[in-house]
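A short worksheet on the structure shown next.
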Amino acid sequence: MRTISKDALRESYRRAVEHDDARTAALTVAQFSYPAAFGDAPEWMLGPFERADELTFRPEGQWPDPTGVGWTSSSIFNPTLMEREGRLHLFYRASPRKESLASRIGHAVYTPGEGWRDDPANPIVYPTEDDELWGCEDPKVYEADGRYVLFYNGIWPAVGTSEAELYPSPGWPLCEVGCDIRMAVSDDLLHWEKKGLAVPHEISRLWAKGAVIATDGSGRAVRFGAHYLMFLSEGCDGELTVGRSRDLLSWEFEPIPYLDVSAWGSLHEVACAVVVGDRLI
């Protein structure tokens, strides 16, 4: 694994600024928000959704760059939301270009009557570990027993490394990038401590996405018996995989084909799992 350094971070940022993909550049939130985009809405579908302008977060200005490479963002996306003491906490991915690498994770708070305030401590998660060299992406936050766990993707150059030789993945071939699921913990949604890998390389084979944990309607993790469940998608040598944990921090994984989408193609990134009554959506 390549060692993180200021020069390596500077190169990562340069590559991100040069990113140009017409397919992702044309994407908008609205394309994923309305059943009309997918034809007839199935019975299980949540929504339809409408934009609430008063709740729409719009960042202003740029953050200080703790890595010292001149990093800036032009696009935010893939958010997660948690309510605490009457306020909404938004965690989001910020990138130099839409869907580029070299992302960081930001935090903003909505207070009724006052609106949104971006966290002056941003970025709350940014590259400090070797497997975050090419960015920290796609936050997912959960609450359990009064504590919060933030899962996010650490992105790093994997092809040609000793790790790629140790953990071959013929069922889900790597391109250039490794994608680790990492975690951080907090007692107040403001101060975060990184806790390392959630999914070991023996399971991910250097690529795993999802970290989707079943929750109730308020974002609190739901146990099934004694365990929380984590649904992984993509990677894992092409096998759908489920994790079990008693505390959201220590996980055991096994291949389980939890969703059959063979009629439509391959399952890519699962977004969420919600418990409604006795149903898991």
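Please compute the net charge surrounding GLY210, taking Lys and Arg as +1 and Asp and Glu as -1 over other residues with Cβ under 9 Å from its Cβ. All intermediate terms of the calculation are to be shown ahead of the outcome.
Numbers: positive: LYS140, LYS209; negative: GLU234, GLU269.
Charge balance near GLY210 sits at 0.
Net charge near LEU280: determine it from the other residues with C-beta under 13 Å of the C-beta of LEU280, scoring Lys and Arg +1 and Asp and Glu -1.
Numbers: positive: ARG223, ARG279; negative: ASP216, ASP278.
Local charge sum for LEU280: 0.
Rounded to the nearest percent, how much of the accessible area of the chain (1.4 Å probe, protein heavy atoms only) is carbon and sulfur? Can you show the working numbers first?
Working: 7620 of 14580 Å².
Roughly 52 percent, rounded to a whole number.
Which FRET efficiency, nearest 0.05, do ASP260 and LEU190 yield, Cβ-Cβ r, R0 41 Å?
Values: r = 41 Å, r/R0 = 1.00.
Taking R0 as 41 Å, the efficiency between ASP260 and LEU190 is 0.50.
List the chymotrypsin sites (Phe, Trp or Tyr not before Pro) within the stretch 194-281 that DSSP assigns to loop and that have no more than 10 neighbouring Cβ atoms inside 10 Å. If you can, show how the numbers build up before the last one.
On the way: sites: TRP207, PHE224, TYR228, PHE231, TRP251, PHE253, TYR258, TRP264; in loops: TRP251, TYR258, TRP264.
Qualifying residues, ordered by number: TRP264.
Whose amide H sits under 5 Å from the amide H of THR128, counting only residues 5 or more places off or on another chain, with H placed in the peptide plane?
none
So, in Å, what gap is there between the alpha-carbon centers of the stretch 138-187 and the stretch 38-88?
Measuring centre to centre over Cα atoms gives 21 Å.
Quick check for you: with a 1.4 Å probe and neighbouring chains kept, what is the accessible area per residue of the stretch 1-112, in Å²? Let's see the in-between values first.
Values: 6840 Å² over 112 residues.
Result: 61 Å² per residue.
Specify which labelled value, from (1) 41, 21, 16; (2) 48, 20, 16; (3) 26, 25, 20, agrees with semi-axes √(5λ) of the Cα gyration tensor in Å derived from the coordinates of the model shown.
Of the listed options (1) 41, 21, 16; (2) 48, 20, 16; (3) 26, 25, 20, (3) comes from this structure.
Amide H neighbours of VAL270 under 5 Å, counting only residues 5+ apart in sequence or on other chains, H built in-plane at 1.01 Å?
Result for VAL270 returns SER233.
Pairs of Cα atoms under 8 Å, at least six residues apart: use those to get the relative contact order of the chain, whole percent.
On the way: 581 pairs, mean separation 35.6, N = 281.
Rounded, it is 13 percent for the chain.
Give the residue list of trypsin sites (Lys or Arg not before Pro) in the stretch 186-247 that are DSSP loop and have at most 15 other beta-carbon atoms within 10 angstrom. Before the final figure, lay out the partial values.
On the way: sites: LYS194, LYS195, ARG205, LYS209, ARG220, ARG223, ARG244, ARG246; in loops: ARG205, ARG246.
Answer by residue number: ARG246.
Net charge near LEU90, counting Lys/Arg +1 and Asp/Glu -1 over other residues with Cβ under 12 Å of its Cβ? The partial results should precede the final answer.
On the way: positive: ARG58, ARG84, ARG87, ARG93, ARG117; negative: GLU83, ASP118, ASP119.
Summing Lys/Arg as +1 and Asp/Glu as -1 gives +2.
Between HIS227 and THR28, what is the FRET efficiency for a Förster distance of 35 Å, r being their Cβ-Cβ separation, to the nearest 0.05? The partial results should precede the final answer.
On the way: r = 37 Å, r/R0 = 1.07.
Result of the calculation: an efficiency of 0.40.
Using the basic label-point model (7 angstrom from Cα toward the beta carbon), what is the THR72 to GLU43 distance in nanometres?
The two pseudo-label positions are separated by 5.3 nm.
The values are calculated or read from the model by the stated rules, or taken from the named source; none is laboratory data. This is a predicted model, so every value here is computed, not measured. Neighbour counts run over all protein chains shown; Cβ positions are idealised from the backbone, glycine included. Only protein heavy atoms, including side chains, enter the accessible area calculation; ligands, DNA and RNA are left aside. Shrake-Rupley method; radii C 1.70, N 1.55, O 1.52, S 1.80 Å.
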